[in-house]
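*Asks:* Please find one structure pasted underneath; my questions will follow.
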Amino acid sequence: MAKIDAFFKLMNEQGASDLHLVAGQQPAMRIRGEMERIKYKVLDDDTLKSMLYEIAPEDKVKLFEETGDIDFGYEIPGLSRYRANFFQQKYGVAAVFRSIPTKIMTCDDLGLPPVIPKLASLPRGLVLVTGPTGSGKSTTLAAIIDEANKTRKDHIITVEDPIEFVHKSQSCIINHREVGLHTRSFNAALRGALREDPDIILVGEMRDLETISLAIEAASTGHLVFGTLHTTSAAKTVDRVIEVFPSNQQAQIRSTLSDGLRAVVAQVLFKRIDKKGRCAAQEILIATPAVRNLIREAKTFQINSMIQTGKQFGMQLLDDSIMDLYKKKWISAEEAYAKCNDKSRFRPFLKKSPTDFTEV
């Protein structure tokens with residue numbers, strides 16, 4: 001057993017989502033969204049480095065020594081998988097580990113709106129799950145892929161950096177590919193995927209122009225493509241995809257995206273106040289013909305109005321979802337206010353003035 005595994009067992013016992021190990025500091029865990037110190041000695045650089053190198057593949061250690069940053073997956077059988085990131089900082093080495101449950105939660109387990117599992121049955125198109133880091137995007141996508149795995153008879157390819165949730169082939173054949181281990185880059189994997197007879201492609205992160213371009217192309221050529229972006233609303237997601245491209249290509253991309261887009265799910269996580277755990281609020285945009293027309297005509301500023309009037313299609317605004325959680329007394333007024341879009345709507349519920357004076 002690796003020395004560091006004791007920290008992972010403690011994470012599991014405490015229900016922590018992340019482990020932070022930093023040279024010159026005590027270890028810490030993120031529990032229900034908040035950082036808490038572990039009662040342990042301050043880690044010096046040499047001790048921490050030997051602890052980390054014990055679990056890292058040799059090629060990753062070499063890359064880390066050259067670049068100062070690496071990502072990889074680490075698994076303790078029977079406990080959990082972890083997404084690991086090592087980086088150099090002022091006082092030496094540091095690492096952050098994100099826990100990835102070995103059991104994949106279903107859409108019902110997560111309490112997702114009824115329209116989200118239906119996304120798994122789409123024949124083709126682009127579905128984007130968005131939100132800030134740590135908002136549960138991977139968990140939601142895993143639940144959708146799990147739904148497809150149970151209900152379809154297709155070929156699913158996932159491209160991730162690193163592999164997070166591991167699906168066992170059920171009705172579908174599933175192939176997991178890790179960037180840096182099984183393929184050189186997201187772009188290379190996506191190009192290759194188009195020749196590998198896929199029906200569904202999961203792109204772990206659409207982080208650059210070429211990856212986004214290839215994902216849109218795959219969606220436009222008859223594949224169902226799922227991807228993630230770090231945006232906070234459906235309208236901003238559409239704008240972000242388009243703005244990645246040079247200005248002279250944006251008109252063409254608007255047209256291609258309007259044809260290929262099927263849905264955007266923008267997600268935010270909240271700490272529950274009624275019991276231990278967290279819950280998610282989602283903004284859901286379904287690309288109806290009217291929505292596609294807005295995208296084609298560069299009228300994305302009208303998307304929120306379209307979501308408000310599209311409840312029969314399963315659409316909902318983020319603030320409506322947050323308000324629903326607040327009325328159920330699952331989340332605090334302060335956190336609802338901090339993470340909503342329309343601050344004036346939630347300000348009356350605050351017991352004292354908001355801490356973010358820039359919002360007033």
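The values are calculated or read from the model by the stated rules, or taken from the named source; none is laboratory data. None of the values given here were measured: they were computed from a predicted structure. Ideal geometry is used to build each Cβ from the backbone, glycine not excepted, and the neighbour counts take in all protein chains shown.
*Asks:* Could you please give the count of residues in the stretch 258-313 that are among the hydroxyl-bearing types (Ser, Thr, Tyr) and touching a residue at least 12 places away in the same chain (Cβ under 8 Å)?
*Replies:* In the first step, residues of the stretch 258-313 are kept if they are among the hydroxyl-bearing types (Ser, Thr, Tyr); the result is 258, 288, 300, 305, 309.
Going one step further and asking which of them are touching a residue at least 12 places away in the same chain (Cβ under 8 Å), we end up with 258, 288, 300.
The qualifying residues number 3.
*Asks:* Condition test on ALA218, is it touching a strand residue (DSSP E or B) at 6+ places or on another chain (Cβ under 6 Å), modelled with pLDDT under 95 and over 20 Å from ASN293 (Cα atoms)?
*Replies:* Details: touching a strand residue (DSSP E or B) at 6+ places or on another chain (Cβ under 6 Å): yes; modelled with pLDDT under 95: yes; over 20 Å from ASN293 (Cα atoms): yes.
So ALA218 fits the description; yes.
*Asks:* All but one of (1) part of a helix (DSSP H, G or I); (2) within 22 Å of GLU217 (Cβ to Cβ) hold for ASN149, so report the exception by its number.
*Replies:* (2)
Yes/no per residue for (1) under 20 Å from the mean Cα position of the chain (by Cα); (2) surrounded by fewer than 18 Cβ atoms within 10 Å (Cβ to Cβ):
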| residue | (1), (2) |
| --- | --- |
| SER135 | yes, no |
| GLU147 | yes, no |
| SER171 | no, yes |
| ASP197 | no, yes |
| ASP208 | yes, yes |
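*Asks:* Here is a list of conditions, (1) part of a helix (DSSP H, G or I); (2) closer than 22 Å to ARG254 by Cβ, and ILE144 meets all of them except one; can you say which number that is?
*Replies:* Evaluating ILE144 over (1) part of a helix (DSSP H, G or I); (2) closer than 22 Å to ARG254 by Cβ leaves (2) as the failure.
*Asks:* Quick check: anything in the stretch 238-258 crowded, with 23+ Cβ neighbours inside 10 Å, at negative phi and either within 14 Å of the chain's Cα centre (by Cα) or not aliphatic (A, V, I, L, M) (or both)?
*Replies:* Taking every residue of the stretch 238-258 in turn, none turns out to be crowded, with 23+ Cβ neighbours inside 10 Å, at negative phi and either within 14 Å of the chain's Cα centre (by Cα) or not aliphatic (A, V, I, L, M) (or both).
*Asks:* Within the stretch 171-178, does at least one residue satisfy the condition of being more than 26 Å from ILE253 (Cα to Cα), in contact (Cβ under 8 Å) with a residue 12 or more places away in the chain and among the charged types (D, E, K, R)?
*Replies:* Yes, the stretch 171-178 contains at least one residue that is more than 26 Å from ILE253 (Cα to Cα), in contact (Cβ under 8 Å) with a residue 12 or more places away in the chain and among the charged types (D, E, K, R).
*Asks:* What single numbered condition from (1) part of a loop (DSSP other than H, G, I, E, B); (2) closer than 27 Å to LEU261 by Cα; (3) touching an Asp or Glu at 6+ places or on another chain (Cβ under 6 Å) fails to hold for ALA298?
*Replies:* Among (1) part of a loop (DSSP other than H, G, I, E, B); (2) closer than 27 Å to LEU261 by Cα; (3) touching an Asp or Glu at 6+ places or on another chain (Cβ under 6 Å), ALA298 violates only (3).
*Asks:* Mind telling me which of the residues LYS41, LYS9 ends up being in contact (Cβ under 8 Å) with a residue 12 or more places away in the chain, farther than 15 Å from PHE97 by Cα and surrounded by fewer than 18 Cβ atoms within 10 Å (Cβ to Cβ)?
*Replies:* Sole residue among the options that is in contact (Cβ under 8 Å) with a residue 12 or more places away in the chain, farther than 15 Å from PHE97 by Cα and surrounded by fewer than 18 Cβ atoms within 10 Å (Cβ to Cβ): LYS41.
*Asks:* Another question, if that's okay. Out of all the residues in the stretch 75-91, is one or more modelled with pLDDT of 95 or more and in contact with a helix residue (DSSP H, G or I) (Cβ under 6 Å, 6 or more places away or on another chain)?
*Replies:* Checked the stretch 75-91: at least one residue is modelled with pLDDT of 95 or more and in contact with a helix residue (DSSP H, G or I) (Cβ under 6 Å, 6 or more places away or on another chain).
*Asks:* Would you call SER305 loosely packed, with under 15 Cβ neighbours inside 10 Å and of a type in the set (Ser, Thr, Tyr)?
*Replies:* yes
*Asks:* While we're on this one: Hey, ASP356 hits all of (1) exposed (fewer than 15 other Cβ atoms within 10 Å of the Cβ); (2) closer than 22 Å to PRO132 by Cβ; (3) at pLDDT 95 or above but one; which does it fall short on?
*Replies:* (3)
*Asks:* OK, next. Consider LYS118 carefully, then state whether it is basic (Lys, Arg), buried (at least 21 other Cβ atoms within 10 Å of the Cβ) and assigned by TED's automatic domain parsing to the domain that holds LEU318.
*Replies:* Values: basic (Lys, Arg): yes; buried (at least 21 other Cβ atoms within 10 Å of the Cβ): no; assigned by TED's automatic domain parsing to the domain that holds LEU318: yes.
Against the criterion (basic (Lys, Arg), buried (at least 21 other Cβ atoms within 10 Å of the Cβ) and assigned by TED's automatic domain parsing to the domain that holds LEU318), LYS118 does not qualify.
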